[in-house]
1. Under a 1.4 angstrom probe, counting protein chains only, how are His166, His161 ranked by accessible area, largest first?
2. Percent of accessible area on region 109-206 owned by carbon and sulfur, 1.4 Å probe?
3. How big is region 146-203 along each principal axis, measuring the range of its Cα positions in Å and listing the largest first?
4. How much length is gained if the chain between Glu189 and Asp176 is pulled fully straight, taking 0.36 nm per residue apart and subtracting their Cα-Cα distance, in nm to one decimal?
5. Over all alpha-carbon pairs in region 110-206, figure out the percentage whose distance exceeds 21 Å.
6. Where the eigenvalues come from the Cα gyration tensor of region 107-147, what are the semi-axes √(5λ) of the equivalent ellipsoid, largest first, in whole Å?
7. Can you tell me the dipole magnitude for region 72-206 around its Cα centre, using point charges on the Cβ only (Lys, Arg +1; Asp, Glu -1), in Debye to the nearest 20?
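The values are calculated or read from the model by the stated rules, or taken from the named source; none is laboratory data. Everything numeric here is computed off the predicted structure, so don't read it as measured data. A quick note on method: Cβ atoms are made from the backbone with ideal geometry, for glycine too, and the neighbour counts reach across all protein chains shown. Calculation scope for accessible area: heavy atoms of the full protein, side chains included, ligands and nucleic acids excluded. Shrake-Rupley method; radii C 1.70, N 1.55, O 1.52, S 1.80 Å.
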Amino acid sequence: MHGLLLAAIFWLSVPKPLPVPPSGAIIVDLIPEAEAAARPAAAAKMLSAPSLEIEPLAEPVEEPEPQEAPPAPEQGNGMIAATEFYAASILSDPANSEVRENFPLLANEEQVIQLCNIEALEQLRETEPGEAPDALVGYAFDSIDVTGLDLAADGGAFRSHGQWRHIRYRCVVASDIRSVAAFEYAVGELVPESEWGAHFLNGTDE
């Protein structure tokens with residue numbers, strides 16, 4: 001009995017290793033806009049036609065000749081719509097605590113921009129084979145348009161393997177500005193190195 005008791009005490013006294021958390025920390029390179037330029041309004045306005053009351057005609061009239069129907073709008077805009085979103089999990093990662101703590105110090109519009117940039121980088125990492133983006137400039141070739149929680153970046157660029165490539169994206173942020181509710185993007189051509197300097201694009205961070 002004593003031997004069993006001592007063995008049990010010894011087993012309880014041996015420290016047991018704690019499980020190692022999975023390594024999923026991602027270093028996010030946030031690049032704030034250099035100058036707060038006036039951003040043109042980008043929200044499309046919906047126009048509704050007024051309702052008309054039509055009184056019955058006393059006599060039948062000739063029906064007008066059928067008019068050719070206007071062409072239907074093109075379906076799709078060449079963008080890839082995301083089905084999963086990653087910005088919220090990146091912000092909640094303990095490795096990115098400094099980024100998360102500094103977020104409330106930014107103006108709401110800047111928070112939308114940075115959250116969408118984080119989402120854009122991670123979407124590229126997850127869905128574009130062969131790409132390893134480590135920097136993103138949403139306003140490299142055109143201004144970023146922010147309307148409330150909606151963002152449109154038609155002139156962005158991202159760096160991968162030391163080269164810059166064009167990108168445009170649309171992003172809708174949740175009301176708490178801590179997660180992304182919708183995102184779509186389209187990757188463009190490589191940016192010639194001769195254009196890097198004019199758009200403040202660097203091959204490395206050094």
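1. If we order His166, His161 from most to least accessible, we get His161, His166.
2. 48
3. Sorted from largest, the Cα extents of region 146-203 read 40, 18, 17 Å.
4. Full extension of this stretch gives 1.2 nm more.
5. Value for region 110-206: 29 percent of Cα pairs lie more than 21 Å apart.
6. In descending order, the three semi-axes are 21, 12, 8 Å.
7. Using Cβ point charges on Lys, Arg, Asp and Glu, region 72-206 gives about 120 debye.
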